[in-house]
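Any read-out appearing in this document is the output of simple, stated calculations on the displayed coordinates, not a laboratory observation. Not measured: the values here are computed from a predicted model. Backbone-built Cβ (ideal geometry, glycine too); neighbour counts: all protein chains shown.
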Amino acid sequence: MSYFKNQEGYNLYYENINPDSKKCSIILLHGFASSASFFKAQIKILKESYRIIAFDALGHGRSDHPKEINFSKNLRYDIIRDLEDLLRYLEINEKYGIIGHSLVGGMIGQLYAIKHPEDIKFLILLNSGYIMIDNVIRNIFYNLLPYFIRMNFLDVVANSVEKLLDKTIPYIITALSDTLAGLNLTKDKLYMQIEDQIFRMIHEIKEYDPSGISCPTLIIGGRLDNFAPEQMSEKLHDMIPNSTLEIIDMAGHFAPAQRKEVVNELICNFIKKL
């Protein structure tokens, strides 16, 4: 197994498959609480022709897990930094494609394509969206929201965010109970930290604009996706200029595993056309 050390001194697991391929490299970015192994069905197909690079983000899979959880830590910026360091470590100098899953992997892919437009050959977003899920609190909060709120997230929170927080914070604290046992936080400070993270998330969604993504982009959503509803994929398609949208029937949030044959065919056809 291969590891590299990030700037904080943690060992991060990575896979460098078919490094001698003459075709472009493809970077795989997993979602929150997942790992590179989630893409095993895609790796099986893509490794026949392409170089595949995947890694487990800090605290995920086979990478190191921090002993202490920082609820305010911005996971997406750390992943972007670690990805930049990994690509330098592997001496990737040619253009490459990115495939990102869910609201973390997909968001990292979008932000990376905006930050490094000259390096990206294509971007593929699987069950993704435009919401900034990048830490434990935001992930728990979003998981507590029913489907109809996720569909119209900004419209709902604009008028009733205080009510949503009143209903969800007790469940967030319960979900974090084991972690909080070793922290010296008063109830008021804890409530303030949680509220701050949620309000920042809402603000960042309002400010987020993926229209700067210039590379060819394939957006794949699932008709039965309750976590990142198909409306999010449709919204991304409207916002990203050079994008193609595919919504898969009978597929939920884990479509790359649930409907792997369909997803793999869409991915391979998209890449071949470039």
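Worth pointing out:
- Of the criteria (1) under 22 Å from Leu154 (Cα atoms); (2) surrounded by 20 or more Cβ atoms within 10 Å (Cβ to Cβ), which one His237 fails: (2)
Yes/no per residue for (1) of a type in the set (S, T, N, Q); (2) under 30 Å from Asn269 (Cβ atoms); (3) part of a loop (DSSP other than H, G, I, E, B):
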position: Arg76; (1), (2), (3): no, yes, no
position: Arg81; (1), (2), (3): no, no, no
position: Ile131; (1), (2), (3): no, yes, yes
position: Asp134; (1), (2), (3): no, no, yes
position: Asp155; (1), (2), (3): no, no, no
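- The single condition from (1) within 19 Å of Phe270 (Cβ to Cβ); (2) over 17 Å from the mean Cα position of the chain (by Cα); (3) not aliphatic (A, V, I, L, M) that Gly106 fails is (2).
- Residues of the range 3-51 that turn out to be touching an Asp or Glu at 6+ places or on another chain (Cβ under 7 Å) and either free of Cβ contacts under 8 Å to residues at least 40 places away in the same chain or among the acidic types (Asp, Glu) (or both), as a count: 2
- Options Leu180, Leu176, Leu185: the member that is free of Cβ contacts under 8 Å to residues at least 12 places away in the same chain and either closer than 14 Å to Ile137 by Cα or in contact with a Ser or Thr (Cβ under 7 Å, 6 or more places away or on another chain) (or both): Leu180
- Condition met for Ser211 (polar (S, T, N, Q) and either surrounded by 15 or more Cβ atoms within 10 Å (Cβ to Cβ) or in contact with a Phe, Trp or Tyr (Cβ under 8 Å, 6 or more places away or on another chain) (or both)): no
- Test result for Asp166, in contact (Cβ under 8 Å) with a residue 40 or more places away in the chain, of a type outside the set (Ser, Thr, Tyr) and more than 22 Å from Asp238 (Cα to Cα): no
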